[in-house]
Structure formats: structure tokens, C-alpha cells
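The values are calculated or read from the model by the stated rules, or taken from the named source; none is laboratory data. Given the structure is predicted, the values throughout are model-derived calculations rather than measurements. FYI the Cβ positions are ideal-geometry reconstructions off the backbone, even for glycines, and counts take in every protein chain you see.
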Ligand code: NDP
């Protein structure tokens, strides 16, 4: 983790869950963290926990406002495209609005933020981008058709970005977590009828959490956070 010290890292979806835990972890380890998220009071709570974190409030569904919010940021070493939503429904009940919102945040906004930040990385001839995908890109999950589709898209565009940006010494990776008991995770998987069969397939037979991510007890650190931090190092 010490390799992130002194680096400037932008994390999207920073107000809650994995993004919030990641911001705190990176800031604790000496990174300058720019925390982008939608809800101001979630950002206020984050800054209350670590006053060195720099908040940026913007709704990623707005293409132009997102670009404007990021133009004044000049020095970015790392980008974590973490923001995402899960609007789950059986296939026959999925609405056009759910499809549009899901692809807008999980895919289109990720491209927008990356496009805005990458020129500054190209100038420096280095950078690392981590796209937070999901097991859902690889496995079929009941009532997750649209979500699975968005995360498969994240995997695909990550491979293409890595190819294009590699020549500028910019690395692009995904992490593909299984269930983390954030607001998003709890919404589906706290129901034992849905959660228990999935837990059986996980070698540790439990879901990940984010609560103890600042603890010095490494055994309790969320594995996904460690993978993101590992990908940002170098
Ligand atoms: P949460 O719902 O707990 O947090 C998501 C964060 O993203 C929130 O802070 C939210 O803002 C922000 N966000 C959502 N929409 C927008 C938007 N339009 N503009 C700006 N910010 C926005 O999700 P998780 O922490 O669980 O998920 C983080 C990532 O990890 C997602 O990409 C998700 O798909 C992925 N993932 C999650 C898993 C899980 O089990 N939890 C498993 C695998 C992958 P606000 O504070 O306003 O809510």
C-alpha cells in the first residue's frame, strides 16, 4: 500500500460502500484522494472521517457536468471507476428506463470519466486505471440480466482501453468482486433464500464487508480493496 503515498487518485462512487472504504484506505496510506460522488451529505461524512480527502459532487449521469467537474484537476496518477448501480428485475419486467440508467452509469459514465482524465496521464506518460467490474460479468445471476450485461461491457472496454493506452505506459485493469455487503449488496443478498446458495459457492462461505477496512488486522481487510490498491501501485 505504501506505493500509493504521494500519488493523486480519483475514485468515483466515493460516497458509500466500496468507494468510500477505498478512499479512506488510500488516504490513510498517504495518497491524495479526489472523491467523486452524487450525494453531498455522503461526501461530507467521508471528509469528516478524513479531512484531507477532496470531494467532487456531481451526478455521473450528466455527461457535460461530469466533464466540467473534472477539468480543473490537473494531476492524476490513478483512476478508480467504481461508481455503479444495480437495478435488478426478471427479464420480462425490465424497463427501457432501467436499461438506460444502468448502461448510463455503469458503462457510459465510465468512458466519460476515463476520456476526461486520460490526457493528463498521457502527458505524464504514466497512470493506472482500475475499473470495478463484478463476478456478474462472468457468471449468470438470477434477475441480474441488465447488470450482468453492463459488467460484461466493463470487462470488454477495459481490454480495449488497456491495448490502446498501454503504449502511453498507462495500465488498465478490472477487479471483479463477488458480493460485498454494501447498500448495493444488502439490497439483494441479505435475503437468505438468495444469499445462502451463493455463499455455498464461495470458498470462504461468506460475503465481504467494508467496515474494518481501516483496521490494522489484515485478515479483515476486504480482499477487493486490496486488489484495487495493488493494481494502483507501481
Ligand atoms: P453502493 O451502492 O454501496 O455505492 C455506490 C456509490 O456510487 C455511492 O456512493 C453512489 O452515490 C455512487 N453513485 C451511484 N450513482 C452515481 C451517479 N449517478 N453519480 C455519482 N455517483 C454515483 O455500491 P457498492 O459500493 O456496492 O458498489 C461499488 C461498485 O462495485 C459498483 O460498480 C458495483 O457494481 C461493484 N460491485 C459491487 C458488488 C457488491 O456486492 N456490493 C459486487 C461486485 C461489484 P450515493 O452516495 O448518492 O448513493
message: Quick test of your reading of the structure: residue 54 fulfils all but one of (1) touching a helix residue (DSSP H, G or I) at 6+ places or on another chain (Cβ under 9 Å); (2) closer than 19 Å to residue 230 by Cβ; (3) surrounded by 15 or more Cβ atoms within 10 Å (Cβ to Cβ). Name the failing condition by number.
response: (2)
- request: Output the residue which, of all residues in region 94-111 that are more than 11 Å from the ligand (Cβ to nearest atom) and within 22 Å of residue 183 (Cβ to Cβ), is surrounded by the fewest Cβ atoms within 10 Å (Cβ to Cβ).
  value: 97
query: Can you tell which of 5, 35, 31 is over 15 Å from residue 84 (Cα atoms) and buried (at least 23 other Cβ atoms within 10 Å of the Cβ)?
result: 31
task: Of the conditions (1) under 17 Å from residue 182 (Cβ atoms); (2) at pLDDT 95 or above, residue 25 clears all except one; give me its number.
output: (2)
message: Six or more apart or on different chains, Cβ atoms under 8 Å: show the pairs whose first residue is in region 17-31 and on the phi > 0 side of the Ramachandran plot and whose second is surrounded by fewer than 24 Cβ atoms within 10 Å (Cβ to Cβ) and assigned to a loop (DSSP other than H, G, I, E, B).
response: 17/182; 17/210; 30/5; 30/6
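Rundown of residues vs (1) buried (at least 17 other Cβ atoms within 10 Å of the Cβ); (2) under 21 Å from residue 9 (Cβ atoms), yes/no style:
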position	(1), (2)
121	yes, yes
128	yes, yes
144	yes, no
150	yes, no
196	no, no
- request: Quickly run through region 150-186 and pick out the residues that are more than 20 Å from residue 202 (Cα to Cα) and free of Cβ contacts under 8 Å to residues at least 40 places away in the same chain.
  value: 152, 155, 156, 158, 159, 160, 162, 163, 164, 166, 167
- line: Restricted to region 12-46 and to residues being outside any helix (DSSP H, G or I), over 17 Å from residue 59 (Cα atoms) and touching a helix residue (DSSP H, G or I) at 6+ places or on another chain (Cβ under 7 Å), the residue farthest from the ligand (Cβ to nearest atom) is 30
- request: Only residues that are more than 10 Å from the ligand (Cβ to nearest atom) and within 24 Å of residue 179 (Cα to Cα): list them for region 47-87, please.
  value: 79, 87
task: Please identify the pairs in which a residue from region 81-108 that is under 16 Å from residue 155 (Cβ atoms) has its Cβ atom under 6 Å from the Cβ atom of a residue that is away from the ligand (no atom under 14 Å from the Cβ) and modelled with pLDDT of 95 or more, counting only partners at least 6 apart or on another chain.
output: none
task: Go through (1) surrounded by fewer than 16 Cβ atoms within 10 Å (Cβ to Cβ); (2) over 25 Å from residue 178 (Cβ atoms); (3) modelled with pLDDT of 95 or more and name the single condition residue 91 misses.
output: (2)
